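So the structure is just underneath, and the comments pick up after that.
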Amino acid sequence: MKNFGLEELYLVAPRCSLRPRAYHLASHAGDLLDCAVICETLEEALASCSVVVGTSGRPRASDAFRELLPDDLALTLPDIGGAVVFGSEDFGLSNEELDRCQSFVRIPTASYSSLNLAQAVGLIAYTWFTRRSRPEPRARPTRERASREEHEAMYAHLLKVLHHIGYTDELRTRSAEHLFRRMFDRAELDPREISALRGLWQQVKWAADQPPGHLPGHRKRH
């Protein structure tokens, strides 16, 4: 990370303490470990982010995920509020964890693909750094994007309403959540749009609880 100008390290539910071995391996980058943020959940780590890119060692079966090459990261991540998420050494990111990302990046390899976590982080960091160092202008967001914390609150609200009106049930919740996450993540919503959607869903819930004929559009005219 320090070789390539990355300074913010978030660790989600680490399995071991950073001391002392991590400091022995850090090679004069102990200050990054000193500033590392320990989080219990991925949602907590990503709360303030607006753009999140996951990593995967293989193509995803679903075409709902936007796949990036490492060289695309510098054009995708904003200067503030961007994050790249790496999974564990043994299992990588789960589908549920990838659902917290708007796209994923995969390092191209030959038919044999077996990069460990350190190699993957090094390659991604190097490519991000060299791409940003080029003189070409970078594409920048033209408007404010809502944070992941705002998105997660919106998705929780939506699922609650979908259950309330009978659109989905416990058996089909996962499929419904995946569908709407991909749909709204592609839209790159801003805070005002999320607020408007949550207002709509609140009204849907209210309307579902009204007796027949009591909704404004169904009231009898006198």
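The values are calculated or read from the model by the stated rules, or taken from the named source; none is laboratory data. As the structure is a prediction and not an experimental result, all values here were calculated from the model. Note that we place each Cβ from the backbone using ideal geometry, even for glycine, and neighbour counts take in every protein chain shown. The accessibility values were calculated without ligands, DNA or RNA, using every heavy atom of the protein model including side chains. Shrake-Rupley method; radii C 1.70, N 1.55, O 1.52, S 1.80 Å.
On full extension of the chain, what length is gained from Glu188 through Arg21, given 0.36 nm per residue of separation minus the C-alpha to C-alpha distance?
Working: separation 167, 0.36 × 167 = 60.12 nm, distance 4.06 nm.
Result: 56.1 nm gained on full extension.
Peptides 173-185, 195-207: what's the order by average Cβ count within 10 Å, highest mean first?
Working: 173-185: 15.6, 195-207: 13.5.
My ranking of the peptides, most packed first, is 173-185, 195-207.
Which value in deg cm²/dmol, rounded to the nearest 500, describes the helix-derived mean residue ellipticity at 222 nm for the chain, given -39,500 (n - 2.57) per DSSP H run of n ≥ 4 and division by the residue count? Kindly include the intermediate steps, with their values, before the conclusion.
Values: 9 runs with 90 residues, N = 222.
The helix contribution divided over the chain gives -12000 deg cm²/dmol.
In whole Å, what is the distance between the alpha-carbon centres of the stretch 145-189 and the stretch 1-78?
Going from one Cα centre to the other spans 25 Å.
What ranking of Phe91, Phe104 comes out by heavy-atom accessible area, probe 1.4 Å, highest first?
Largest accessible area first, the residues go Phe91, Phe104.
Could you work out how far apart the two model spin labels at Thr130 and Leu115 are, taking each label as a point 7 Å from the Cα in the direction of the beta carbon, and quote it in nm?
Reported label-point gap for Thr130 and Leu115 is 1.2 nm.
Can you pull the accessible area of Tyr126 for me, 1.4 Å probe, Å² to the nearest 10?
Near enough 110 Å² of accessible area.
Evaluate the Debye formula for the stretch 69-134 with equal point scatterers sitting on the alpha carbons, no solvent, and hand back log10 of I(q)/I(0) at q = 0.17, 0.19, 0.22, 0.25 Å⁻¹, in q order, two decimals.
Taken in order of the listed q values, log10 I(q)/I(0) reads -0.66, -0.83, -1.08, -1.31.
Are there any trypsin sites (Lys or Arg not before Pro) in the stretch 1-82 that are in a DSSP loop and have at most 12 other Cβ atoms within 10 Å? List them by number. Show your work: numbers first, answer last.
Working: sites: Lys2, Arg15, Arg21, Arg60, Arg66; in loops: Arg15, Arg60.
For trypsin sites (Lys or Arg not before Pro) across the stretch 1-82 that sit outside H, G, I, E and B with at most 12 neighbouring Cβ atoms in 10 Å, the list reads Arg15.
Give me the percent relative contact order of the chain, please, defined on Cα pairs under 8 angstrom at least 6 residues apart. Before the final figure, lay out each step's value.
On the way: 230 pairs, mean separation 46.3, N = 222.
Rounded, it is 21 percent for the chain.
If you take Rg and Dmax of the Cα atoms in Å from the coordinates, which of (1) 21.2, 82; (2) 17.8, 55; (3) 16.3, 50 do you get?
It is the value labelled (1).
Could you pull the accessible area for Glu170 with a 1.4 Å probe, rounded to 10 Å²?
150 Å²
Using a cut-off of 11 Å between beta-carbons, work out the net charge of the residues near Ser88 (Lys and Arg +1, Asp and Glu -1, Ser88 not included). Working shown, then result.
Values: positive: Arg15; negative: Glu89, Asp90, Glu97.
Residues close to Ser88 contribute a combined charge of -2.
Rg (Å, one decimal) plus Dmax (Å, integer) for the alpha carbons of the stretch 4-126?
Spelled out, the Cα radius of gyration and Dmax of the stretch 4-126 are 14.6, 43 Å.
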